[in-house]
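The structure appears below as structure tokens.
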Amino acid sequence: MNNQKDKEKAKEESTQKVSINASESTANGAVAAQKSNPFLSFFSKIRSSLKNSSKETKQTLAYIAQRLVLMLITFIAIFFICFILIRLLPINADSGMKDPEIFYLNMVAQGRMEKVVDAAGKVTYRNIPVFRQLWTFLANLFTPGNSAPWGYSYKIEWLSSPADVLFKRLPPTVLINVYSMFISIPLGLLLGIYMALKKNKWQDHFLSVLVMLFISVPSFVYAFLLQYVFSYAWQILPAMRADASAGWFSFEMFRSMILPVLSMTFGSIAGFARYTRAELTEVLTSDFMLLARTKGLTRAQATVRHAFRNSLVPIFPMILGEIISVLSGSLIIENIFTVNGVGALFLQSIQTRDYDVFQFVAMFYILIGLVGTLVVDVSYGLVDPRIRMGSEK
Amino acid sequence: MALAKKNSLATAGISPTTPVLSKDLFVRYKDEKDLHDQAFETKPVSYLADCFKRFAKNKASIVAAVIIFLIALYAIIVPLASPRSHVDSVRYPNGYMDSNFSYVLPYNPLFKGTGFWDGTKTETKSQNDYQTMLYGDSNHSRFVKLLSTSETQVGFSTVKAYKVRVDTYAVGNKNVKLSPAQFADLTSYEKEHEIYRTPKSIMKPLVDVENYLANYETEIIADGVATSTAAGIIDFMRTYYNQNSNVYFALSAKTASGNYSQNRFSPILDSSGKPIDIYKHDGANHLIYEELVSGEYNVRVDYFDYATFRDGFEPYFIFGTNDAGQDIFLRLAKGTQFSLLLGVGISAINFIIGLIWGAMSGYYGGTADLIMERITDIISNIPSIIILSICSIQFTNNVALKAALGESGIIVLAFLVAFVYSGWVGVASTTRMQFYRFKGQEYVLASRTLGAKDGRLIFKHILPNAIGTLVTSSVLMIPGVIFSESSLSYLGIINFSTSGLSSIGSLLNEGQAAGLQYYPHVLLFPCIVISLLMISFNLFGNGLRDAFNTSLKGSED
């Protein structure tokens, strides 16, 4: 789910939102309704209270605050939905549980089950209704000194807290994503610029076909291809990730990460190249470029100083989004190359039905998605103050 | 020139102080004729015809459409026409599979003998294995070609290794049990093909293993091997005979250095260099081909020929087989069918839901829009993998649902819920955007002024203008659904194994379980099909988008 393609889709959607809101401002009905909205009037009060700063900064801050609160509301709503759905799943101390006694003790302590002793003295455990569970959970969460509000891992790591399990899995994921980002962003931008400059020449046509291929072909296909060619047929690179004992920055670790990084990069490079090409060709044909050339700038000067900087307006937020999503691992790539990162943990928690870990990791993924969208939207406004996503007018 | 200037001054309303224009300067144009609109000389081009014309110009999209059509044809025709999907359902309750042909490599008759795509592979054999392979009495020799030999020094002895090309379809002879009716059929089949009791027959003479082993045991004990060691060697040799049913000859456990090996056996050769057979003979010294034990015939058959007789087709597989010996060509067709149907079906449902939702939120706007947007915000931020895994666990634990829908029904339902639940959000936002674009335009206002109701405005005036964009986005949704489905079933979040269904993703999962290192063909063909589908759908969708984009009209001519 969190592969390159999805990221790209999210970005495309967020760029679509720009145009939605641009058209929204022309739609009188929507604006009138937004003005009477209690939330928005609350924000306009905040806005008017910020008198000391300049008008522009105030507007930006209020806008960010507004988006933050909206994001929080969305997150809480999603959390409630997920909490209820996950707590409704059948749970018992099935086979593979290390110590059912402790499991049930914890379940009772966390208000998820109650002990029932029938007339024959037989002990069974009964689920508590899910809304009461939600209430207990919230109460526990805001009680200071409560050691494990998020529950425990019962399958992956006996009685560790889900947060600990997750943070242990972060380094490989972050490392792979960072490597892939360092390769794909510069290469993608450079390719895009080259294609835009060579527009409609054979170089552009050739690269466009390649970009189209790399965007369409699923990343697991080139992951398999790379793994087969480099690890099994030629045997020059390891097929699996090296274990962590060698240290995260050792050469051995780096070598074992080449293949997963490469298979993540291809789609990402192609995405950046296509986007940059589209933006830059649009800017290159605009009138101010003609003016720049007329006033005596060389083609290189005009391209770098005027065209490229302007084309970065929509690309910069895209890069920021990429940086945020460094934390979330790709399920498929981590599965193929046995990287025990966050994506693998997510999958493992589903397969072993370790519900507390599943819930925690799912919420982690959702939070990253939300923050990513928020940062992208806000940074549009910071890069180009004319853009206000979701603004009134 | 001067006249024109004065004229423009006059029309511009700059009051001329002296009127200099006299009436006779103006001549009436075509005064003598009536003015009429001219009739069109060309035929009017409808919107769709125009779109189609633009689409037909795009070569890549045409090729993509043809590829999609061919893949769909493959997915529909192969399960209908392949003899492998019409096998005896009593013998194969879960469809054709034969574990004796597990992991045979792809075989294409066009490439026979080339070493590529002809079902052969390269293996390295020890000397014993190599000799045993050469002397089998099967109709199909596993040995194809000797590529090279190598010698390595191990301790004091040299070990010879043979690099050979072997035919994976030559599975050799197998011991099978036949009912009297089946035995009679097989006998008449052999007689019909004039191979009955000939060297090319399907039924091979039985091998008298026990008799030989008893003799051999006394022989090696006489040679000075301890009784317990001899019993061990004989046990291993018995297992070896049972596992390799094409070994019809006497084996020796003696190595080149004169010791007895526990697990390495080589054929005993006679003076002419041929192995000595140990077939069973009856009292008249005739070979015995069958034994009737408790109502069933024990026979030793050449398995490839026997399978051809049994199933009515030669067990050659153009894409090879998987672990269970199922035909990948057929399974991939079924899987593609499932994936395509799922993709098209879910896209259609999402299209309808998204259209209604987006039209309402875009047309009415205001508070309705605000609330609906928040709902889609929440829905679209829950990844479908979470919903799918919750559905999958919940449904498989629900006994009543399982009884009502069956295993395969549950899988389809889980996919439906997971993909429909958030899939329509994309269509809804596109529709909403289109409605915002068109609802403020003058022609809508004009229609509204004339008294058109909401329904008429939505369906007659706004929707037809937006339909091109919407159709394109829903066509582009199909590869998205196929991709998500295949990645999620590849990851094993939905378990296909017991349901009898297969999808491209479940085949990928199988391929990874088989091991990319050893059996890449299991993974190769699903990968090719899904890549082709993704590329073609994207090209096709882009072609559609350009075709429906009227602003491109004439830009490329």
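Laboratory data are not the source of any read-out in this text; all were calculated from the coordinates shown. Predicted model only: the values in this text are computed from it and were never measured. Backbone-built Cβ (ideal geometry, glycine too); neighbour counts: all protein chains shown.
Observations, loosely collected:
- Inter-label distance for B:ILE349 and B:TYR74, nm, one decimal - labels placed 7 Å from Cα along Cα-to-Cβ: 2.7 nm
- FRET efficiency, 1/(1 + (r/R0)^6) with R0 30 Å, evaluated for A:ILE102 and A:ILE76 via beta carbons: 0.45
- Dipole magnitude for the protein assembly as shown: computed about the Cα centre from +1 point charges on Lys and Arg Cβ and -1 point charges on Asp and Glu Cβ, it is near 4700 debye.
- For chain B, the Cβ-based charge dipole about the Cα centre amounts to some 2660 debye (Lys, Arg positive; Asp, Glu negative; other atoms uncharged).
- The ranking of B:ASP377, A:ASP94 by Cβ neighbour count inside 10 Å, starting from the fewest, reads A:ASP94, B:ASP377.
- For the stretch A:151-298, the relative contact order comes to 32 percent (Cα pairs under 8 Å, sequence separation of at least 6).
- Leading residue at positive end of dipole, the protein assembly as shown (Cβ point charges), from B:THR430, B:ILE528, B:SER82: B:THR430
- Multiplying the residue separation of A:PHE142 and A:PHE249 by 0.36 nm and subtracting their alpha-carbon distance yields 34.6 nm.
- Simple label model, 7 Å out from Cα along Cβ direction - A:ILE258 to B:ARG91, nm: 5.1 nm
- Taking the stretch A:52-168 and dividing mean pair separation by its residue count, relative contact order in percent (alpha carbons under 8 Å, at least six apart): 16 percent
- A straight line joining the Cα centroids of the stretch A:163-187 and the stretch B:445-498 runs 35 Å.
- Label point 7 Å beyond Cα of B:PHE156 along Cβ direction - residues of the stretch B:242-264 with amide nitrogen under 15 Å: B:255-260
- Relative to one another, the C-alpha centroids of the stretch A:351-365 and the stretch B:405-435 are positioned 23 Å apart.
- In a simple Cβ point-charge model (Lys, Arg +1; Asp, Glu -1; nothing else charged), the stretch B:58-180 has a dipole of about 120 debye relative to its Cα centre.
- Using only alpha-carbon positions in the protein assembly as shown, the gyration tensor eigenvalues give semi-axes of 67, 38, 29 Å once each is multiplied by 5 and square-rooted (largest first).
- For the stretch B:492-557, chymotrypsin sites (Phe, Trp or Tyr not before Pro) meeting the loop criterion (DSSP other than H, G, I, E, B) and having at most 16 other Cβ atoms within 10 Å: B:TYR518.
- Calculation over all alpha carbon pairs of chain B in 10 angstrom steps from 0 returns a P(r) of 3, 12, 16, 16, 14, 11, 8, 7, 5, 3, 2, 1, 1, 0, 0 percent.
- The angle between the Cα long axis of helix B:463-490 and the main principal axis of chain B comes to about 20°, on a 0 to 90 degree scale.
- Leading residue at positive end of dipole, the stretch B:241-340 (Cβ point charges), from B:LEU292, B:LEU340, B:SER266: B:SER266
- Mean-position separation - Cα centroids, the stretch A:281-298 and the stretch B:263-280, in angstrom: 88 Å
- Modelled FRET efficiency - R0 35 Å, B:VAL45 with A:ASP287, Cβ distances, 0.05 increments: 0.55
- Partner shielding of A:77-84 amounts to 3, given as the average count of beta-carbon atoms from other chains within 10 Å of each residue beta-carbon.
- Most positive-pole-ward Cα, B:MET360, B:THR376, A:LEU187, against dipole of the protein assembly as shown from beta carbon charges: B:MET360
- Estimated from helices alone, the mean residue ellipticity of chain B at 222 nm is -17500 deg cm²/dmol (sum of -39500 (n - 2.57) over DSSP H runs with n ≥ 4, per residue).
- Cross-link pairs exceeding 19 Å between alpha carbons, from the set B:LYS145/B:LYS200; A:LYS115/A:LYS155; B:LYS174/B:LYS200; B:LYS125/B:LYS145: B:LYS145/B:LYS200; A:LYS115/A:LYS155.
- Efficiency of FRET from Cβ geometry, A:PHE182 and B:GLU290, R₀ 56 Å, rounded to 0.05: 0.20
- With respect to chain B, whose longest principal axis is taken over its alpha-carbon atoms, helix B:504-514 is tilted by about 30°.
- Spacing of the two label points (7 Å from each Cα toward its C-beta) at A:LEU382 and B:SER141, in nm: 7.5 nm
- Mean Cα-pair separation over length for the stretch A:278-369, i.e. relative contact order, pairs under 8 Å, 6 or more apart, %: 19 percent
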